[in-house]
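Let me begin by presenting the structure, written as structure tokens, before commenting on it.
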Ligand SMILES: [Zn+2]
């Protein structure tokens, strides 16, 4: 009964495939569908990529998958129970080398609408892993190129003195992950995609716009004005909405687990910041997602 109804909202970056939704992901999807919200679930390593696709295959439309290797999982990484559950501890102690053929097989399914989340993370990962991250990133760009699918980028700069005062003199930590990712991507002009959870400057946003990449925002924009200026500078046809659930719940749901049905408040906030009519923004964001992910 919910099939064949065009969506009003699209959460282009969710993780209903994660352990945090093990007991009720079907209900969460139903809640989203009742709000006319479609969901794209993103993998971070082999298991979560396979489970994102498996979930998408259960629905004829409205639930899609993205498969790939997150930069923090290219080496030993912090164990997040919400992501992998207790059993995933052995995995996060060593990480994963990007297995091109494994991901190519998954990504060839029509329900897989992009490759990722991939990119560079200089915030949570040790700077010594930058080279390993770059190799996995380039392999995923090549996969996107081979399959003609877009990229879902995860890029995070090193901590600033404001966000992490304890990290200090390490020179490599001060590098811009956005600039490094841009330098890699500009060699692949045929590959496009979206920069997820944008947390850079207006200039960094413009670099990606110049490559033809869209930029998406989470519930962060409901509780900080840090990105208002960036959002005002992004054309309406190049911006998208996401929750990154189960993380980063928007106002007024702070304290609860995040979910795709909350993406509506992110869209409303984008409309407010841009000073545009809500219906216009809703339509633009849905049509941007249809265009980028060929839904
Ligand atoms: Zn994510």
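The values are calculated or read from the model by the stated rules, or taken from the named source; none is laboratory data. The shown structure was predicted, so the numbers you read here are calculated from the model rather than taken from an experiment. No Cβ is skipped: glycine too gets one built from the backbone with ideal geometry, and neighbour counts run over all protein chains shown.
Restricting attention to the stretch 79-97, does a residue exist that is within 14 Å of the ligand (Cβ to nearest atom), surrounded by 15 or more Cβ atoms within 10 Å (Cβ to Cβ) and modelled with pLDDT of 95 or more?
Checked the stretch 79-97: no residue is within 14 Å of the ligand (Cβ to nearest atom), surrounded by 15 or more Cβ atoms within 10 Å (Cβ to Cβ) and modelled with pLDDT of 95 or more.
So, in the stretch 175-206, exactly how many residues are assigned to a helix (DSSP H, G or I), closer than 15 Å to residue 137 by Cβ and more than 16 Å from the ligand (Cβ to nearest atom)? Spell out how you get there, then give the answer.
Taking the stretch 175-206 as the starting set, the residues that turn out to be assigned to a helix (DSSP H, G or I) are 177-185, 202-206.
If we keep only those that are closer than 15 Å to residue 137 by Cβ as well, we get 177-185.
Then keep just the ones that are more than 16 Å from the ligand (Cβ to nearest atom); that gives 178-180, 182-185.
Within the stretch 175-206, residues that are assigned to a helix (DSSP H, G or I), closer than 15 Å to residue 137 by Cβ and more than 16 Å from the ligand (Cβ to nearest atom) number 7.
Given the conditions (1) buried (at least 17 other Cβ atoms within 10 Å of the Cβ); (2) more than 15 Å from the chain's Cα centre (by Cα); (3) not in a loop (DSSP other than H, G, I, E, B), which single one is not true for residue 234?
If we test residue 234 against (1) buried (at least 17 other Cβ atoms within 10 Å of the Cβ); (2) more than 15 Å from the chain's Cα centre (by Cα); (3) not in a loop (DSSP other than H, G, I, E, B), just (3) comes out false.
Are any residues in the stretch 1-44 in a loop (DSSP other than H, G, I, E, B), in contact (Cβ under 8 Å) with a residue 60 or more places away in the chain, under 15 Å from residue 258 (Cβ atoms) and within 16 Å of the ligand (Cβ to nearest atom), and if so, which ones?
The answer is 15, 16, 18.
Between 30, 55, which is at pLDDT 95 or above and crowded, with 19+ Cβ neighbours inside 10 Å?
Numbers: 30 fails: crowded, with 19+ Cβ neighbours inside 10 Å.
One residue alone meets the criteria, 55.
Within the stretch 277-295, which residues are more than 13 Å from residue 237 (Cα to Cα) and surrounded by fewer than 21 Cβ atoms within 10 Å (Cβ to Cβ)?
From the stretch 277-295, those more than 13 Å from residue 237 (Cα to Cα) are 277-279, 293-295; that's our starting set.
Hits for the stretch 277-295 are 277, 278, 279, 294, 295.
Those residues that are surrounded by fewer than 22 Cβ atoms within 10 Å (Cβ to Cβ) and in contact with a helix residue (DSSP H, G or I) (Cβ under 6 Å, 6 or more places away or on another chain), I need them from the stretch 251-264; list them, please.
From the stretch 251-264, those surrounded by fewer than 22 Cβ atoms within 10 Å (Cβ to Cβ) are 251-257, 264; that's our starting set.
Once the filter is applied, which keeps residues that are surrounded by fewer than 22 Cβ atoms within 10 Å (Cβ to Cβ) and in contact with a helix residue (DSSP H, G or I) (Cβ under 6 Å, 6 or more places away or on another chain), the stretch 251-264 yields 251, 253.
Name, by its number, the condition in (1) out of contact with any helix residue (DSSP H, G or I) (no Cβ under 8 Å at 6 or more places or on another chain); (2) touching a residue at least 60 places away in the same chain (Cβ under 8 Å) that does not hold for residue 279.
(2)
Would you be able to tell me the number of residues in the stretch 186-196 that are in contact with a helix residue (DSSP H, G or I) (Cβ under 8 Å, 6 or more places away or on another chain) and surrounded by fewer than 20 Cβ atoms within 10 Å (Cβ to Cβ)?
Let us first name the residues in the stretch 186-196 that are in contact with a helix residue (DSSP H, G or I) (Cβ under 8 Å, 6 or more places away or on another chain), namely 188, 190-195.
From what is left, the residues that are surrounded by fewer than 20 Cβ atoms within 10 Å (Cβ to Cβ) are 188, 190, 192.
Final tally of qualifying residues: 3.
Taking the stretch 117-130 as the search range and keeping residues that are closer than 15 Å to residue 182 by Cα and more than 16 Å from the ligand (Cβ to nearest atom), which one is surrounded by the fewest Cβ atoms within 10 Å (Cβ to Cβ)?
130
Scanning for something modelled with pLDDT of 95 or more, under 21 Å from residue 291 (Cα atoms) and out of contact with any helix residue (DSSP H, G or I) (no Cβ under 7 Å at 6 or more places or on another chain), does the stretch 4-15 turn up at least one residue? Let's see the steps before the verdict.
Residues of the stretch 4-15 that are modelled with pLDDT of 95 or more, as a first pass: 7-15.
Checking the rest, the ones that are also under 21 Å from residue 291 (Cα atoms) come to 7-14.
Applying the additional criterion that residues be out of contact with any helix residue (DSSP H, G or I) (no Cβ under 7 Å at 6 or more places or on another chain) yields 13.
Scanning the stretch 4-15, I find at least one residue that is modelled with pLDDT of 95 or more, under 21 Å from residue 291 (Cα atoms) and out of contact with any helix residue (DSSP H, G or I) (no Cβ under 7 Å at 6 or more places or on another chain), so the answer is yes.
Among the residues of the stretch 132-150, are any touching a strand residue (DSSP E or B) at 6+ places or on another chain (Cβ under 7 Å), within 16 Å of the ligand (Cβ to nearest atom), at pLDDT 95 or above and not in a helix (DSSP H, G or I)?
For the stretch 132-150, residues touching a strand residue (DSSP E or B) at 6+ places or on another chain (Cβ under 7 Å), within 16 Å of the ligand (Cβ to nearest atom), at pLDDT 95 or above and not in a helix (DSSP H, G or I): present.
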